[in-house]
1. Using only the alpha carbon atoms of the chain, find the Kirkwood hydrodynamic radius as the inverse mean reciprocal pair distance, in angstroms to one decimal.
2. How do M235, M358 rank when sorted from fewest to most other Cβ atoms within 10 Å of their own Cβ?
3. At a Förster radius of 35 Å, what calculated FRET efficiency corresponds to the Cβ-Cβ distance of L62 and L313, to the nearest 0.05?
4. Using only DSSP helix segments of four residues or longer, with each worth -39500 (n - 2.57), what per-residue ellipticity at 222 nm results for the chain after dividing by its residue count and rounding to 500?
5. Nearest 10 degrees is fine. How inclined is helix 132-149 to the longest principal axis of the chain, computing both from alpha carbons?
6. Of K255/K293; K114/K293; K167/K198, which ones are farther than 26 Å apart at the Cα?
7. Step through the residues of segment 113-119 one at a time and calculate ³J(HN,Hα) from phi using the Karplus curve (6.51 cos²θ - 1.76 cosθ + 1.60, θ = phi - 60°), rounding each to whole Hz and writing x for Gly and Pro.
8. Using a Gaussian network model of the chain whose springs link C-alpha atoms within less than 10 Å, name the residue from Q284, Q188, Q42 with the highest mean-square fluctuation.
Amino acid sequence: MSGNSFGKLFTVTTFGESHGQSLGCVVDGCPPGLKLSEDDLQGDLDRRRPGKTRHETQRRELDRVQILSGIFEGATTGTPIGMIINNTDQRSKDYSSIMHQFRPSHADYTYHHKYGSRDYRGGGRASARETVMRVAAGGIAKKYLYQRYGIKIKGYLSQLGPIVIEKLDWEHMENSAFFCPDPDKEQQLENYMDVLRKEGNSVGARVRVIARNVPPGLGEPIFDRLDAEIAHAMMSINAVKGVEIGTGFESVTQKGTDHRDEIAPEGFLSNNSGGILGGISSGQDILVSIALKATSSLRIPGHSVDTQTKRVLVVTNGRHDPCVGIRATPIAEAMLSLVLMDHMLRHRAQNIDVATNMPIIPPQV
């Protein structure tokens, strides 16, 4: 299996399966001298960790990360950083009934045809469990970007099923079971998820991530456009079916006079482009939204076939998120952090000596 590495200068390679012994990753290209400990990474891992509330999968994983290499006397050395997280709460027997069946809208069918076999225990590498190491690696990037450049990356749930979030209260979000920044919608989300869980059904969600204090100049103007690589990163997350930068698909209905981000000496007058112009960061907030589909592993019977193409009704036992979007916020933050970290190092390598006489325009009036 190829395609397990991400990035060019700041590179992350992950390994492991949902029901394997452990998951791990190797981070290469991290600059030396960054003060780093396991505690620096554990906070985001705890935010992503399953089983914290009744609205998530009840698989209980502590997700305690171990740093195996690349750290000496509490700081990065510039050598590869190896990390591992052990699986402790697998229940592989829950999947024995679908050993020879294909779950609708899952990776079972495509994995079978690509590799000739598949790990049916929770989906193997196709499981969202794989993203735990992305969050660990993203924590390194997030800390470096903030300490070195003051870049802050934060995400939130902006829609769950039909419920659209209307307020942005970051303090409330920190204590929300849904990563929801709207205190007025919390009870509505609770009630909706309770009904959904009793049905045995699932629903999709929308997550928005914002990167602040990003300097202008990150990204390349053709194939390695910053927005293209952000889209690549976000689409690599399980269940993501759509990515928007700025106003995204809403720009279809906007006239040019509405969409263009006019500029004044005091700052940009809007940010419909989401902080990226011509594939290069403008210095405005980078605004990214992702759409996540509903979980396809359900206990409600669904039509499919087995490996002999015989008709079957598939029922997925086990423990699954009724809405994968609830825990997707720290994953999306991690992937945006990895992209910005990689592009920051690439920009530094080629363009560190570039200077213009023009002052930088403030992000927004």
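1. Working: mean 1/r = 0.0461 Å⁻¹.
Evaluated on the chain, it is 21.7 Å.
2. Least crowded to most crowded, the residues run M358, M235.
3. Once the sixth-power term is evaluated, E becomes 0.45.
4. -7500 deg cm²/dmol
5. That helix lies at roughly 10 degrees to the long axis.
6. K255/K293; K167/K198
7. 6, 6, 10, x, 7, 8, 8
8. Highest fluctuation of the listed residues: Q188.
Any read-out appearing in this document is the output of simple, stated calculations on the displayed coordinates, not a laboratory observation. Predicted, not measured: the structure shown is a model, and the values here were computed from it. For neighbour counting, all protein chains shown are included, and Cβ atoms are generated from backbone atoms with ideal geometry for every residue, glycine included.
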